[in-house]
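Everything below concerns the one structure shown next.
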Amino acid sequence: MALLQIAEPGQSAAPHEHRLAVGIDLGTTHSLVATVRHSLPECLPGEQCGILLPSIVRYLPDGSVAVGKEAAEHQATDSQNTIVSVKRFMGRGLDDLEAGARKQYDFVDAEGMVRINTRAGVKSPVEVSAEILKVLRQRAESRLGGELVGAVITVPAYFDDAQRQATKDAARLAGLNVLRLLNEPTAAAIAYGLDNETEGIYAVFDLGGGTFDFSVLKLSRGVFEVLATSGDAALGGDDFDQALATWLRAQGAADELSPEDARAVLVECRRVKEVLSRKDAEVASVALTNGSTLSAEVTRAQFEALTAKLVAKTLTPVRKALRDANLSVEDVHGVVLVGGATRMPQIREAVAQHFGDEPLTDIDPDKVVAIGAAIQANVLAGNRREEDDWLLLDVIPLSLGIETMGGLVEKIVTRNSTIPTAKAQEFTTYKDGQTAMAIHVVQGERELVRDCRSLGRFELRGIPPMAAGAARIRVTFQVDADGLLSVAARELSSGVEASIVVKPSYGLSDDEVAGMLRAGFEHADEDMRLRALREQQVEAQRMVESVQSALDVDGDLLDAPERAEIEAALAALSGLIAGNDGRAIKSALEGINKLTETFAARRMDKTIRAALAGQKLSDLKV
Amino acid sequence: MNASNAFGDYFALFGLPRRFAVDPTVLESAYLDVQAKIHPDRFSHMPENERRVAMQWASHANEGYRVLRRAVPRARYLLHLAGIDPQIESNTAMPADFLMRQMLLREAVEEAQDDADVEALDGLLRELRRDARAMEQQLAGDFDEHGDLIAATARVRQLMFLERLQEDIGSALETLEN
Ligand SMILES: Nc1ncnc2c1ncn2[C@@H]1O[C@H](COP(=O)(O)OP(=O)(O)O)[C@@H](O)[C@H]1O
Ligand SMILES: [Mg+2]
């Protein structure tokens, strides 16, 4: 499917060097890591356990942290210090959680995101997730025998800005360089599409432990284009466990249970649910702490009746995504099933019935997301393989808007816009001499601000004083390829760049990350300084190589004094790389960045002109 | 030099003639070609600086594709290029027969909504789409054959009216399904 010919000046700086990069599926229930080795994607197993790492973190009395199976064994006996499904709390406030979930842990409400009180202190979901990511990073580094260049981390397509930012922060905290946040269904499509040389419109139906994602993608000419995505951030296999547990407790009149017993019931119900995917009946049996036993036989038919509503609930986002994409079920060539919960026969039947076709299941639904992420990580790290002549065009899942008069939302970027995307909006002052204004950015589809998620209040300062209505402030909302928002503003009549606070309140500042890292490591200062220095050196080396090759190819875009200035700065930077003054390297890097801005813009300009020329040629062929 | 000024208009960006009628497959293939060359993923291990420029170009191309792909934004863009503001908000004058039909349709939508009649709503949606397609044909005539921008402006406003109604049906369907 290598149909797109791509010329990339200056991209193959070091053709034979294989950079270690991984894809990580950071799941609600399970997490796993995959990589591309010898041109083949593979999932990496842990030392004793298999490929799937249960996404469970336990803070032990001795101050250590257990992750995975070891932690899972204590989820009933030490439930307050054993955090399961932490992904559900990422970027969420206490108000966002369902009433049931709110009682699960000793939650502390904090600005932007809940915290969990454990015996190891108050933990943010970001910190808990970072523990999972650290284990996967170590697993990868020991299996691959080297330090990772970076990772692609998957998120449900339906994650909003706060949840994405939290995921990225967790990765930073785990010492991972995030090459990209990738939507899980898109990752599945990459794994699937590249495997099968597929063309046409495909849907990805991903029912995991805690989230449901549905995406419609078009695969053509080596391009993965997401047409629409929808889902339910609070629907997954856990809800099926819950439904069964409610039933089981009603059978034994056990509505008052300790948190430990309640957890044990859930664990058992999950087991029974999974068994019912291959057997017609199973006995659920839980030994309670008071010595009694809660037990009942469940048939598959009973279980299906108990969960019929949940199954039906998955079809609402399915319809919505198809409508958004202006498609009907007949247009969909195949539905890819992803996530452990799609093993339930009633889900497969519902999908088959809705689409009039058996769903596709030939890739392991547990691995497919991590494999897709690994393939993209490999490309983004610069190890493009022969068959990697493809491009991914993803979309933003939720609309971005700003608050206007009366608490209403004005949409700026509508959902399913292809990313990256930028939208500009002009504002003016309403008072004479006004020098500041606040812009409240929200995310969601509803019309009222209070029904959407607040992303933060961005403050514009430094507007030159003018008469009311005279200032013209152009605010640009840029969503990058990770789906993350940044905001920039400029006053047009004076050209003043207004200073703005671009960081939303829920994101971690660099200081906070540094603080959390310090708390986690001994000799953290020295470690961090060395790590930072190493990163600066790598970045500087990369900069020297790429600017040099750019000068070789496109030197004619500069006049002599411009070129001389850049060459002098390059020579100075090269001189610094071997040394150990991280700060000097950093400032030299920043200097070159500024100095080559114009050069970079001209080269991009040249690139697009070439693209247009090529495109006219293909026009002739039509 | 400012990169975004070097783009030219969206038609130029995709190498298309500046006219209303656009072959969707030609537009799509032009768009994909442009993205294949400029998408930030093509420059993922280049310095931040150039990746940012690539991101801005890619954003611009995405916006251009969004505008040219569908009839209303494309028509409005053509009017904008010709220096005409279609006065979408302030000017609501429409031909009487058009308004009559719209009122009837709107009543039918409300009725179907009250009856929670998903099939009727789907049917109305199909009908409106047919109307909209016919109007797009006429717009192509206004712009490309007659160069009649006054007529085009009036028709764009009507087409937007139709789209608004389609959106309302969409959200009615969404509400019913939830
Ligand atoms: N054989 C099975 N039958 C039914 N459900 C299953 C089966 N295997 C796994 N599951 C369920 O799948 C869910 C986990 O899916 P997974 O894709 O790992 O989730 P996540 O992506 O959220 O980490 C759990 O609810 C688990 O009980
Ligand atoms: Mg998953």
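Numbers at a glance
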| item | result |
| --- | --- |
| Distance between modelled label sites at A:ASP559 and B:ARG106, nm, 7 Å Cα→Cβ extension | 6.1 nm |
| With Cα atoms, 0 to 90° folded angle of helix A:597-621 axis to chain A main axis | 70 degrees |
| Sequence ranges B:109-119, A:205-215, ranked by mean other-Cβ count within 10 angstrom, highest first | A:205-215, B:109-119 |
| Whole-number accessible area per residue in Å² for the protein assembly as shown, which is evaluated in the context of all protein chains at 1.4 Å | 44 Å² |
| Sequence ranges A:330-343, A:138-151, ranked by mean other-Cβ count within 10 angstrom, highest first | A:330-343, A:138-151 |
| Those trypsin sites (Lys or Arg not before Pro) in the stretch A:12-105 that DSSP places in a loop and that have at most 14 other beta carbons within 10 Å | A:LYS103 |
| Shielding by partners - mean other protein chain Cβ count within 10 Å, residues of A:390-401 | 2 |
| Degrees between helix A:300-324 axis and first principal axis of chain A (Cα, 0 to 90, nearest 10) | 20 degrees |
| For B:23-30, mean number of other protein chain Cβ atoms within 10 Å | 3 |
| Helix A:582-595 vs. chain A, principal-axis angle (Cα, 0 to 90°, nearest 10) | 60 degrees |
| Sequence-distant aspartates and glutamates (8 or more away, or on other chains) whose Cα lies within less than 12 Å of A:LYS309 | A:ASP239 |
| Carbon and sulfur %, accessible surface of the stretch A:375-507 computed with the full protein complex present, 1.4 Å | 50 percent |
| Highest-first arrangement of B:128-138, A:268-278, where packing means the average Cβ count within 10 Å | A:268-278, B:128-138 |
| In Hz, Karplus ³J(HN,Hα) per residue of the stretch A:235-252 (6.51, -1.76, 1.60; θ = phi - 60°; x = Gly, Pro) | 9, x, x, 3, 5, 5, 4, 4, 4, 5, 5, 4, 5, 4, 5, 5, 4, x |
| Distance (nanometres) between label positions extended 7 Å along Cα→Cβ at A:ASN290 and B:ARG129 | 5.9 nm |
| Ellipticity estimate at 222 nm from DSSP helix runs (n ≥ 4, -39,500 (n - 2.57)) divided over chain A, nearest 500 | -12500 deg cm²/dmol |
| Cross-link table A:LYS87/A:LYS273; A:LYS87/A:LYS313; A:LYS87/A:LYS218; A:LYS123/A:LYS411, entries beyond 31 Å C-alpha to C-alpha | A:LYS123/A:LYS411 |
| Residues A:HIS74 and B:ASP114, FRET efficiency given R0 of 60 Å [Cβ-Cβ distance, rounded to 0.05] | 0.60 |
| Difference of contour (0.36 nm per residue) and Cα-Cα distance, A:VAL329 to A:VAL275 | 16.3 nm |
| Where B meets A: accessible area buried, both sides, 1.4 Å probe, Å² | 4900 Å² |
| Protein accessible area in the stretch A:524-613, 1.4 Å probe - carbon and sulfur % | 54 percent |
| Rounded percent of accessible protein surface that carbon and sulfur make up, chain B, 1.4 Å probe | 48 percent |
| Modelled FRET efficiency - R0 35 Å, A:ALA250 with A:ALA438, Cβ distances, 0.05 increments | 0.10 |
| Shielding score for B:59-72, defined as the mean number of other chain Cβ atoms within 10 Å | 3 |
| Computed FRET value (nearest 0.05) for A:ARG385 with A:GLN302, which takes r as the C-beta separation and R₀ as 56 Å | 0.70 |
| Relative contact order %, chain B, counting alpha carbon pairs below 8 Å whose residues are six or more apart | 22 percent |
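The values are calculated or read from the model by the stated rules, or taken from the named source; none is laboratory data. What you see is a predicted model, and the numbers here were worked out from it, not measured in a lab. Virtual Cβ from ideal backbone geometry, glycine too; neighbours counted across all protein chains shown. Ligands, DNA and RNA are excluded from the accessible area calculation, which covers all protein heavy atoms including side chains. Shrake-Rupley method; radii C 1.70, N 1.55, O 1.52, S 1.80 Å.
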